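J.: Below is the structure I would like to discuss, written out as structure tokens.
The values are calculated or read from the model by the stated rules, or taken from the named source; none is laboratory data. Everything numeric here is computed off the predicted structure, so don't read it as measured data. Reconstructed Cβ throughout: ideal geometry from the backbone, glycine too, with neighbour counts over all protein chains shown.
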Amino acid sequence: MKISTLTLAGIAAAVLLAGSAAYGQQAEQLRTIGVSGQGEVRAEPDRATVTLGVESRKPKLEDARAAVAKTVDGVLKLTRDLKIDPKLVRSTRVNVQPEYNWNASNASERTLIGYYVSRQVEVELHDLEKLGQLLERSTDLGVNQLGDPRLDSSKRQDLVREALAKAVVDARQNAEVIAKAAGAKLGTARTINANTEYSQPPVPMVRAMAMEAKAAGGAPYQSGEMTFNATVNVQYDLIPQ
């Protein structure tokens, strides 16, 4: 069966027209708009993690170990007195380091002068009203290395999600304003990328906190607010009017 040249030309033209239409449809679908959105949620922390460290330097190892052990035992008893769940109290192993005096004229000669012993107790507080008492009384017991409290919230995940939801709403509103100004309508979201972070309120120096708590008779610690931030980048379909 023979196919004329005219017929072949017609088929080729039809294929080209179909391809052009498909390309036009694809170009229409690929009209998008990219925007960002911000969300913020504030909340008071209800938890804190405190690291209480003890260091001792003595000429004799047993004396240094005994001094550290006495303070740590006192801190562990203090947590029981404050009715802190033992599961929320962790103590590290004893760290022991010999200390030497090196001969300035002969680097290979050294003289043992004593021992450095340290240990830490980490306490997770679920009642911030006890923070001032814990800091005050632990320093009285001999704790000489205090880390800044790490504040947190038991509702952290819910707060992060709330910030994300606000960021998505903000992005949608931004996109609608731009689309309207461009004489178009906003379609559905194609892609969404999200990032979250949180910051705790400024924490005063823990030594100052302990002194203030002592002066106020173990007054509760005022924590301030934590801030949860979310950022989203969204790509929407843009539909011409």
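J.: Tell me, yes or no, whether the stretch 118-134 has at least one residue that is surrounded by fewer than 17 Cβ atoms within 10 Å (Cβ to Cβ) and closer than 30 Å to Ala64 by Cα.
T.: yes
J.: Of all the residues that make up the stretch 64-97, how many are in a strand (DSSP E or B) and of a type outside the set (Gly, Ala, Ser)?
T.: Adding up the residues that qualify gives 5.
J.: Shifting gears a bit: Considering only the stretch 224-240, state which residues are farther than 15 Å from Val168 by Cβ and within 15 Å of the chain's Cα centre (by Cα). Even if it seems obvious, please write down each step before you answer.
T.: Step one: of the stretch 224-240, the residues farther than 15 Å from Val168 by Cβ are 224-227, 237-240.
Hits for the stretch 224-240 are Glu225, Met226, Thr227.
J.: So, of the residues in the stretch 158-197 that are assigned to a helix (DSSP H, G or I) and acidic (Asp, Glu), which turns out to be surrounded by the most Cβ atoms within 10 Å (Cβ to Cβ)? Steps first, answer last, please.
T.: To start, the set of residues in the stretch 158-197 that are assigned to a helix (DSSP H, G or I) comprises 158-181.
If we keep only those that are acidic (Asp, Glu) as well, we get 158, 162, 170, 176.
Numbers: Asp158: 13, Glu162: 17, Asp170: 20, Glu176: 15.
Only one residue tops the list, namely Asp170.
J.: Still on this structure: Mind counting the residues in the stretch 156-186 that are in contact with a helix residue (DSSP H, G or I) (Cβ under 9 Å, 6 or more places away or on another chain) and of a type outside the set (A, V, I, L, M, F, W, C)?
T.: 1
J.: Just to be sure before I move on: is Leu131 in contact with a helix residue (DSSP H, G or I) (Cβ under 7 Å, 6 or more places away or on another chain) and either of a type outside the set (D, E, K, R) or more than 30 Å from Ala43 (Cβ to Cβ) (or both) in the structure I sent? Break it down stepwise before answering.
T.: On the way: in contact with a helix residue (DSSP H, G or I) (Cβ under 7 Å, 6 or more places away or on another chain): no; either of a type outside the set (D, E, K, R) or more than 30 Å from Ala43 (Cβ to Cβ) (or both): yes.
In short, no.
J.: Name the residues in the stretch 98-117 that are part of a strand (DSSP E or B), of a type in the set (Ser, Thr, Tyr) and surrounded by fewer than 13 Cβ atoms within 10 Å (Cβ to Cβ), would you?
T.: Of everything in the stretch 98-117, those that are part of a strand (DSSP E or B), of a type in the set (Ser, Thr, Tyr) and surrounded by fewer than 13 Cβ atoms within 10 Å (Cβ to Cβ) turn out to be Tyr100, Thr111.
J.: Take the conditions polar (S, T, N, Q) and modelled with pLDDT of 95 or more and apply them to Thr231. Does it pass?
T.: Criteria met by Thr231.
J.: Restrict the check to the stretch 129-143 and report whether at least one residue is in a strand (DSSP E or B) and either within 26 Å of Leu82 (Cβ to Cβ) or not acidic (Asp, Glu) (or both). Working first, answer last.
T.: We begin by selecting, within the stretch 129-143, every residue in a strand (DSSP E or B); these are none.
Checked the stretch 129-143: no residue is in a strand (DSSP E or B) and either within 26 Å of Leu82 (Cβ to Cβ) or not acidic (Asp, Glu) (or both).
J.: Out of the stretch 135-157, which residues are surrounded by fewer than 17 Cβ atoms within 10 Å (Cβ to Cβ), over 21 Å from Arg65 (Cα atoms), among the charged types (D, E, K, R) and out of contact with any Ser or Thr (no Cβ under 8 Å at 6 or more places or on another chain)?
T.: Within the stretch 135-157, Asp148, Lys155, Arg156 meet the criteria.
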